[in-house]
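Peer 1: Before anything else, here's the structure in question.
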Amino acid sequence: MKKETIWIVDDEEDILELLRYNLIREGFDIRSFASGEALIEAAKSDLPDLLLLDLMLPGIGGLDICRYFRKNDRMRRVPIIMLTAKGEEADIVIGLELGADDYITKPFSPKILSARIRAVLRRRHESSPETNDATIHAGDITIHPGRLTVTVGPEKIDLTQTEFRILHFLARRPGWVYTRGQIVDAVHGEDHAVTDRSIDVQIAGLRRKLGSAGDWIETVRGVGYRFREGT
């Protein structure tokens, strides 16, 4: 079986060595980079199964790299986990808005990092184009899980993988109310340490991209969110 490839970008050599050592032991094929520039050059000819990205980099920063990947048609499906220092909540929120799949704060447990990596890779496989869930229609919205596409009327909506998973999760059961914690568990897995603020950011991004159709996602004050009933 081919090993899954993880690319690591971090300008601290000791952290790179720690990550390489532990992830190779976990059975991954590892390639590391000390700068965003080196990563982007390598990505022109090859891509990993997952990108582990430090936000605080000299030169091209982590958020710029995340933005670059998500705007590139060939690179946009690569899962990204951000490595952040404590106190960088604002950058975490921006990274999630840009389409990062997860984040983990330094210092971290190698076992927890490995579990989070496997969870993101598992979700990637579960949401692959071979998925055969039924298409969902609600007003002008059409959600096609197999193609990982969302349209509003004739317009295709450009969603991140996380935004798509949240929308699909809510839309599968219109009228059902879900707490932020339930949404996190469904979309990111039960071992995901995420704040309520992160879910609110994802929902806000979804509504903005859906335009007037964003009204289908309703806030239930004091509880969470639901996809409203109707056709």
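The values are calculated or read from the model by the stated rules, or taken from the named source; none is laboratory data. None of the values given here were measured: they were computed from a predicted structure. Quick reminder, even Gly has a Cβ in these numbers, built from the backbone with ideal geometry, and neighbours come from all protein chains shown. Note: accessible area is taken over every heavy atom of the protein model, side chains too, but ligands, DNA and RNA are not part of it. Shrake-Rupley method; radii C 1.70, N 1.55, O 1.52, S 1.80 Å.
Peer 1: Identify, please: which residue in the range 110-142 is open to solvent by 40 Å² or more (accessible area, probe 1.4 Å) and among the charged types (D, E, K, R) and is, among those, modelled with the lowest pLDDT?
Peer 2: Across the range 110-142, the extreme among qualifying residues is 130.
Peer 1: When the range 205-231 is examined, which residues are found to be assigned to a helix (DSSP H, G or I), modelled with pLDDT of 90 or more and open to solvent by less than 60 Å² (accessible area, probe 1.4 Å)?
Peer 2: Here is the first cut: in the range 205-231, the ones assigned to a helix (DSSP H, G or I) are 205-216.
Narrowing further to those that are modelled with pLDDT of 90 or more: 206-216.
206, 210, 211, 213, 214, 216 - these are the residues of the range 205-231 that are assigned to a helix (DSSP H, G or I), modelled with pLDDT of 90 or more and open to solvent by less than 60 Å² (accessible area, probe 1.4 Å).
Peer 1: Spot the failing condition for residue 107; the list is (1) open to solvent by 30 Å² or more (accessible area, probe 1.4 Å); (2) modelled with pLDDT of 85 or more, and only one is missed.
Peer 2: Of the numbered conditions (1) open to solvent by 30 Å² or more (accessible area, probe 1.4 Å); (2) modelled with pLDDT of 85 or more, the odd one out for residue 107 is (2).
Peer 1: Sort out for me the strands (runs of 3 or more DSSP E) sitting completely within the range 4-105 that have 3 or more residues that are free of Cβ contacts under 8 Å to residues at least 12 places away in the same chain, assigned by the TED database to the domain that holds residue 187 and under 24 Å from residue 122 (Cα atoms). Walk me through it before giving the result.
Peer 2: Details: elements: 5-9, 29-33, 50-54, 80-85.
Those strands (runs of 3 or more DSSP E) do not exist here; none qualify.
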